[in-house]
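Visitor: Got a structure for you, written out below as structure tokens; questions coming shortly.
The values are calculated or read from the model by the stated rules, or taken from the named source; none is laboratory data. What you see is a predicted model; the values in this text were computed from it and never measured. With ideal geometry, Cβ positions are generated from the backbone for all residues, glycine too; neighbour counts draw on all protein chains shown.
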């Protein structure tokens, strides 16, 4: 069974394409140590088995549409006279973008760029992610040329939005193109291209194109902790409904710990969610009679960035909690009543200090410390019942 909290290395051509969009950092880590010749081989395979079939499909669609649109002119005998007159009127008014040849001259330049620019990016940066994303951008750039017979300015918005989603480096190309076009285009065209680039930048930064689907997926019944809804996407930055995941984390703390570790390691944009899941897992363990100190691994507060310090207990609190756990274990080990009561009183003293310190943790904007206080009280109730049973036994 596949581990839902582990990302598998890319194996197929589609894996490399998908990872370059949704898992660029992981793909970079997997291919960083490869030689340039090996990266070039992977890039060439993606060209032959992904880019080329996509372009052939686009050409096929273009040829089909072109032949259908010219069907009344090619076979006038099968159409009525009124329909032919109406068709000629529409054709002269709206179909001037259809070229006289099966594909425009611009497409050849785009096609040349698709199979040269990605290798140039790989040669300059030695980054396979750059090569793959520039390849995808070339495909996006060629679609208007294939389907519309030229690169129309009303298609630049779509290209900017989709291209920007692939990789931020593509905006270097867009800005250079905008600077060059400023010498040849009028102000209206420059304004359209500038707005398109801005829209694409915002859209790519927040991954707006995929957000509705992710939001709908997160609201669905299949969105469960053990299925890891963040497994296939590392670029979503906007908030998603995760309250049900936090409830599941409290009921299933072991999987919640694995889920939070996955988020910390692979999903830097979801660091706050990782902290919330981590806290709920800890609270769930406390309310389920938490005794083994090795069962839960605390994070090192000293390694957290300054802006995340308030999202986690301090080192002092963690040390005090571990001391409480050790005293509790010593209490359970005692066979004599006096020793048991002595260790239990020491535990209660440290436990009260822990509760007091817990109220001083976090900030006004955080609530995890209140959750800790509630779960610690529940934990204490469980411990009291166990200690009383040991006293009555003795």
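Visitor: For region 349-368, give me each residue that is in contact (Cβ under 8 Å) with a residue 24 or more places away in the chain and in a helix (DSSP H, G or I).
Guide: Those that are in contact (Cβ under 8 Å) with a residue 24 or more places away in the chain and in a helix (DSSP H, G or I): 350, 351, 353, 354, 357, 358, 368.
Visitor: Moving on to the next point. If residue 62 satisfies all but one of (1) assigned to a loop (DSSP other than H, G, I, E, B); (2) modelled with pLDDT under 85; (3) surrounded by 14 or more Cβ atoms within 10 Å (Cβ to Cβ), what's the number of the condition it fails?
Guide: So the condition that residue 62 fails would be (1).
Visitor: Same structure, new question: Hey, could you check region 229-246 for residues that are farther than 21 Å from residue 6 by Cα and in contact (Cβ under 8 Å) with a residue 24 or more places away in the chain and say which is surrounded by the fewest Cβ atoms within 10 Å (Cβ to Cβ)?
Guide: Per the stated criteria, the residue is 241.
Visitor: Do we have residue 298 as in contact (Cβ under 8 Å) with a residue 12 or more places away in the chain and in a loop (DSSP other than H, G, I, E, B) here?
Guide: yes
Visitor: Going by the structure shown, is residue 326 closer than 28 Å to residue 259 by Cα and without any contact (Cβ under 8 Å) to a residue 24 or more places away in the chain?
Guide: The answer is no for residue 326.
Visitor: Another question, if that's okay. When only residues in region 309-336 that are part of a helix (DSSP H, G or I) and more than 14 Å from residue 350 (Cα to Cα) count, which is nearest to the chain's Cα centre (by Cα)?
Guide: If we take residues in region 309-336 being part of a helix (DSSP H, G or I) and more than 14 Å from residue 350 (Cα to Cα), then 311 is nearest to the chain's Cα centre (by Cα).
Visitor: Still on this structure, please answer the following. Among the residues of region 12-33, is any modelled with pLDDT of 85 or more, surrounded by 15 or more Cβ atoms within 10 Å (Cβ to Cβ), more than 25 Å from residue 122 (Cα to Cα) and in contact with a helix residue (DSSP H, G or I) (Cβ under 6 Å, 6 or more places away or on another chain)?
Guide: The answer is no, given that none of the residues of region 12-33 is modelled with pLDDT of 85 or more, surrounded by 15 or more Cβ atoms within 10 Å (Cβ to Cβ), more than 25 Å from residue 122 (Cα to Cα) and in contact with a helix residue (DSSP H, G or I) (Cβ under 6 Å, 6 or more places away or on another chain).
Visitor: Being farther than 21 Å from residue 299 by Cβ and surrounded by fewer than 16 Cβ atoms within 10 Å (Cβ to Cβ) narrows it down to one residue among 345, 327; which is it?
Guide: That would be 345, the only listed residue that is farther than 21 Å from residue 299 by Cβ and surrounded by fewer than 16 Cβ atoms within 10 Å (Cβ to Cβ).
Visitor: Within region 7-28, how many residues turn out to be in contact (Cβ under 8 Å) with a residue 24 or more places away in the chain and farther than 14 Å from residue 234 by Cβ?
Guide: 4
Visitor: Please give the number of the condition residue 51 fails out of (1) modelled with pLDDT under 90; (2) exposed (fewer than 13 other Cβ atoms within 10 Å of the Cβ); (3) in contact with a helix residue (DSSP H, G or I) (Cβ under 6 Å, 6 or more places away or on another chain).
Guide: In the conditions (1) modelled with pLDDT under 90; (2) exposed (fewer than 13 other Cβ atoms within 10 Å of the Cβ); (3) in contact with a helix residue (DSSP H, G or I) (Cβ under 6 Å, 6 or more places away or on another chain), residue 51 misses (2) alone.
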